[in-house]
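The values are calculated or read from the model by the stated rules, or taken from the named source; none is laboratory data. These numbers were taken from a predicted model, which means no experiment stands behind them. As a convention, Cβ positions derive from the backbone with ideal geometry for all residues, glycine included, and neighbour counts pool all protein chains shown. Quick note on the areas: whole protein, heavy atoms, side chains included, nothing else; ligands and nucleic acids left out. Shrake-Rupley method; radii C 1.70, N 1.55, O 1.52, S 1.80 Å.
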Amino acid sequence: MCGIVGYVGRRDCTDVLVSALTKLEYRGYDSAGIAVFENGKIAVAKTKGRLSDLTAKMEREGKPKGHAGIGHTRWATHGEPSDVNSHPHSGRRVTIVHNGIIENYKQLKQFLIENERDEFLSDTDTEVVAQLLDFYYDGNPIRCIRKVLHELRGSFALGIVFADRPETVYAVRCESPLIVGQGQGEVFIASDVPAIIKYTKDYYLLEQGEIAVLKNGAVQFCSLHGRMLEKELHTADWDEDSAEKGGYPHYMLKEIHEQPVSVKTTITPRIEDGLPDLSECGITPETLGKFQNIFIVACGTAMHAGMVGKYVIEKLARVSVTVDIASEFRYRDPLLTTNDLVIIISQSGETADSKAVLTLAKKTGAKTLAIVNVKGSSIAREADMVIYTHAGPEIAVASTKAYMVQLSVMYLLAFEMAYAKGRIDRDECRRLTSELVKMPEVIESTINSVVDMCQFVSTKLITADSLLYIGRGLDYALSMEGSLKLKEISYIHSESYAAGELKHGTISLITDGMPVIAVATQNSLLEKTVSNIKEVKARGAMTIVICDEEADIDPEAADYMIRVPKLAELLMPMVATVPMQLLAYYTSVNKGNDVDKPRNLAKSVTVE
Ligand code: AGP
């Protein structure tokens, strides 16, 4: 989704804005622009396309020179990607950049037209906000912003400059994320920390309705009601290197290779005396033991991690777990009680639908637990309890290491819950935990052992128009993620099916040479899965089987076999995930796609 940056300091503002926007490219965008105070006037440069197009345009037409300004990468919502719809947008005296959606922009536009403000150039909701700010501007920026905030409905973060307030940047947030970076005599705004990490690790989190005023290298905050605020300064616990490619051709590959370390950093502090210990996250065995129902709600990959969680928690703790897609759950009037636990999983902690579910769950009195990667994100701050995954910044749009750490937290929760409910004894809990502790090493060796085969098999996939992922039980949960990964970056149509469900319709799709990737790591279901593999093979499918190194699978059933280390059945997802990620990665590379920034996708989906 859109990215916002802003700067006030001594450096060349245009350079800082462009460099900061580069670090937000992962969010997905189709146009870019900046507005900089140049000799007391606001100079705007914007264009459809990539940041390189913006830079080229500025080289041709002149680069704004100054020390304060705002910048934006746009992911189109209202109006097609075009020069004129690109941000910044301006009223007569006000120029803004915006992330989010203004739901009532049509009514506001009508109001402006009725008041003889009909100077709209674009199709965007953002321009309406610029005009509205201009309409109410009486020389007092804070008063004007507060007035407009009361009229806007939706989710938004804004960076604002007023023509008669040179060298000053205003920022405000409501739902959409925004941070304020504090450097040595310079200040920044950004949608996310990676944008400013090159300049400073210190930042403030802007809360709902708070306004920031950046001037003379310093920042002041005031509330929606106009009260001055003192805010806590946070320090990022990672540096620029963590957000760079570090020699890998793509962030996605780097992040796949970072999984062992990410898992280690996530689980190690949560193990005490060989047992899971989530007390630092506000979770005790007593809390976990008392819930009647568990709801795991999330979107995309995070929801798939929840699917694995369901199987593992139900199996070990014998508690009913419902997994749901956040955009569905929030509108289906869910049956929640004070005895229920709602777990929201989110890498970014800013996903609009997941956030809405959290708000809804809190209203019902259910307990809420967030499993989140980005520190201080909205979901993390609003949930009753939070378990941070320590994956570090995930830049590639296709989630890999964040999924892996979400899985590892699912295991910790399941083990602790099963123990708290008396379903497993201390020794069994210790044994399971010790298996989990071995995962970083096992994942590392899996990456090394399957990489060549995945690279080779991917060459067999690139010509496919469509393929199926199949599996049973945990393998089905896993295949959902494998299928999503593949389709989002290779653009090959892919669906995941419960292997036993194929005969109820989907098997009619199988034609000669159609790839079917079967995940077959669950020994107790192996024979049944192999029968399903043979059924598709008999109808012409090209079969690729992901199984453990000891699995006894008829070589006739599989055209290609990718073998991973053999672990306890329940833990197999931690290794079987790896070949699915690498298959998606190399298929995308072989097709010449933009692996890290797949078309139409945004890293953090902050609108519905
Ligand atoms: C995964 O590869 C996707 N980019 C996407 O499905 C993602 O997992 C989903 O949008 C949820 O994001 P979140 O974890 O930040 O809430």
Enumeration of residues in the range 380-402 that are under 12 Å from the mean Cα position of the chain (by Cα) and part of a helix (DSSP H, G or I): 401, 402
Qualifying residue in the range 21-29 (condition: modelled with pLDDT of 95 or more and either of a type outside the set (Phe, Trp, Tyr) or surrounded by fewer than 20 Cβ atoms within 10 Å (Cβ to Cβ) (or both)): yes
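Hey, among the residues in the range 34-53 that are touching a residue at least 60 places away in the same chain (Cβ under 8 Å) and within 17 Å of residue 16 (Cβ to Cβ), which one's surrounded by the most Cβ atoms within 10 Å (Cβ to Cβ)?
35
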Flag for residue 100 being at positive phi, assigned by TED's automatic domain parsing to the domain that holds residue 34 and modelled with pLDDT of 95 or more: no
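Residues to consider are 386, 374; find the one that is open to solvent by 10 Å² or more (accessible area, probe 1.4 Å) and within 11 Å of the ligand (Cβ to nearest atom).
Checking each option against the conditions leaves just 374.
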Scope the range 170-215; condition outside any loop (DSSP other than H, G, I, E, B) and among the β-branched types (Val, Ile, Thr); matching residues: 172, 179, 180, 187, 189, 193, 211, 213
Entirely in the range 277-363, the helices (runs of 4 or more DSSP H) that have 1 or more residues that are within 14 Å of the ligand (Cβ to nearest atom), without any contact (Cβ under 8 Å) to a residue 60 or more places away in the chain and open to solvent by less than 10 Å² (accessible area, probe 1.4 Å): 326-329
Subset of the range 160-176 that is open to solvent by 10 Å² or more (accessible area, probe 1.4 Å) and either at pLDDT below 95 or not acidic (Asp, Glu) (or both) - its residue that is farthest from residue 9 (Cα to Cα): 175
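Listed here are the residues, each with its yes/no results for (1) at negative phi; (2) of a type in the set (D, E, K, R).
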{"position": "203", "(1), (2)": "yes, no"}
{"position": "214", "(1), (2)": "yes, no"}
{"position": "217", "(1), (2)": "no, no"}
{"position": "222", "(1), (2)": "yes, no"}
{"position": "227", "(1), (2)": "yes, yes"}
{"position": "230", "(1), (2)": "yes, yes"}
{"position": "238", "(1), (2)": "yes, no"}
{"position": "241", "(1), (2)": "yes, yes"}
{"position": "244", "(1), (2)": "yes, yes"}
Residues being among the aliphatic types (A, V, I, L, M), under 28 Å from residue 355 (Cα atoms) and outside any strand (DSSP E or B) - total across the range 143-169: 4
Every residue from the range 171-208 that is without any contact (Cβ under 8 Å) to a residue 60 or more places away in the chain and polar (S, T, N, Q): 182, 184, 200, 208
Criterion violated by residue 452 - all others in (1) free of Cβ contacts under 8 Å to residues at least 40 places away in the same chain; (2) open to solvent by less than 10 Å² (accessible area, probe 1.4 Å) satisfied: (2)
